[in-house]
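Only one structure is covered here, and it is reproduced in the block below.
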Amino acid sequence: MKLPKIDWKKTGGLVPAIVQDAATQQVLMLGYMNADALRRTLRTKKVTFFSRTKNRLWTKGESSKNFLRVVALEADCDHDTLLIRARPDGPTCHRGTVSCFGDGGASGTGFLAHLDQVVAARLKGGDTSSYTVRLAKEGVARVAQKVGEEGVETALAALSAKPAEFAGEAADLLYHLIVLLRVKKLTLADAVAVLEKRHAPKK
């Protein structure tokens, strides 16, 4: 990552830095950076702010170990605000919530990335009281069969069911597809990356 162009003179030496979850796109927090904090962030790949109350640099997670690991960083068009996409190691807020902006999780299409993370956590935990874990233990063929079944049910619902019922079948299909991706050691992001590449502007 390159050092972005910042108009430090206009901002009085500090710029707001918005941190966004790289997977779910949920806004996690807002902090402030000076030039030293920005350089440290780029060097360590861990988000570092300038604390206006403590008058020093502080790396998010230095006490809790819930670091924000930088994926991408860019300045806005006026060169006076930063947007940082990061992977959080744990809850971002000191209150133990995912975001400093309320205790809700990712919403909209971002929820799919959150669901992908939930599936991964359950598979790693191995608790057989979880349907996800029990299904995965049956193997790739069984999970693939479930995706096929859900695909057929979704197609049939599109032709004959009410909109709400069709949406329910589509939701089942998406969930089982995410499980299959994880069982195959892939993630939802891998599939999304293929779509992004296919729809990238032609050079």
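The values are calculated or read from the model by the stated rules, or taken from the named source; none is laboratory data. As the structure is a prediction and not an experimental result, all values here were calculated from the model. Counting neighbours? That spans all protein chains shown, and the Cβs are built from the backbone with ideal geometry, glycine included.
The single residue among Thr41, Thr11 that is crowded, with 17+ Cβ neighbours inside 10 Å and out of contact with any strand residue (DSSP E or B) (no Cβ under 6 Å at 6 or more places or on another chain) turns out to be Thr11. Could you grab me the full set of residues in the stretch 11-47 that are within 30 Å of Gly108 (Cβ to Cβ) and in contact with a Gly (Cβ under 9 Å, 6 or more places away or on another chain)? Across the stretch 11-47, the qualifying residues are Pro16, Ala17, Ile18, Val19, Asp21, Ala23, Thr24, Gln25, Gln26, Lys46, Val47. Scan the stretch 39-89 residue by residue and report those that are part of a strand (DSSP E or B) and among the aromatic types (Phe, Trp, Tyr). Matches in the stretch 39-89: Phe49, Phe50, Trp58. Counting just the residues of the stretch 97-119 that are among the small types (Gly, Ala, Ser) and over 23 Å from Ser64 (Cα atoms), which one comes out surrounded by the most Cβ atoms within 10 Å (Cβ to Cβ)? Of everything passing the filter in the stretch 97-119, Ala113 is surrounded by the most Cβ atoms within 10 Å (Cβ to Cβ). Scan the stretch 22-38 for residues that are touching a residue at least 40 places away in the same chain (Cβ under 8 Å), outside any strand (DSSP E or B) and surrounded by 18 or more Cβ atoms within 10 Å (Cβ to Cβ) and the total you get is 5.
Applying the set (1) surrounded by fewer than 18 Cβ atoms within 10 Å (Cβ to Cβ); (2) modelled with pLDDT of 95 or more; (3) farther than 19 Å from Thr109 by Cβ to Ala167 leaves exactly one unmet item: (3). Name the residues in the stretch 61-106 that are in contact with a Lys or Arg (Cβ under 7 Å, 6 or more places away or on another chain), touching a residue at least 60 places away in the same chain (Cβ under 8 Å) and of a type in the set (Val, Ile, Thr), would you? Across the stretch 61-106, the qualifying residue is only Val70.
Scan the stretch 137-160 for residues that are of a type in the set (Val, Ile, Thr) and touching a residue at least 24 places away in the same chain (Cβ under 8 Å) and jot them down. Outline the logic, then answer.
Residues of the stretch 137-160 of a type in the set (Val, Ile, Thr): 140, 143, 147, 152, 154.
Matches in the stretch 137-160: Val140, Val143, Val147.
On inspection, Arg182 does not qualify as free of Cβ contacts under 8 Å to residues at least 60 places away in the same chain and either in contact with a Leu (Cβ under 9 Å, 6 or more places away or on another chain) or of a type outside the set (Phe, Trp, Tyr) (or both).
Being part of a helix (DSSP H, G or I), buried (at least 18 other Cβ atoms within 10 Å of the Cβ) and of a type in the set (Asp, Glu), is that true of even one residue in the stretch 131-149? There is no residue in the stretch 131-149 that is part of a helix (DSSP H, G or I), buried (at least 18 other Cβ atoms within 10 Å of the Cβ) and of a type in the set (Asp, Glu).
In the stretch 116-132, the residues that are over 19 Å from Thr187 (Cβ atoms) form Cβ pairs under 6 Å with partners that are assigned to a helix (DSSP H, G or I), at six or more places apart or across chains, as follows: Asp127/Val133; Thr128/Arg134.
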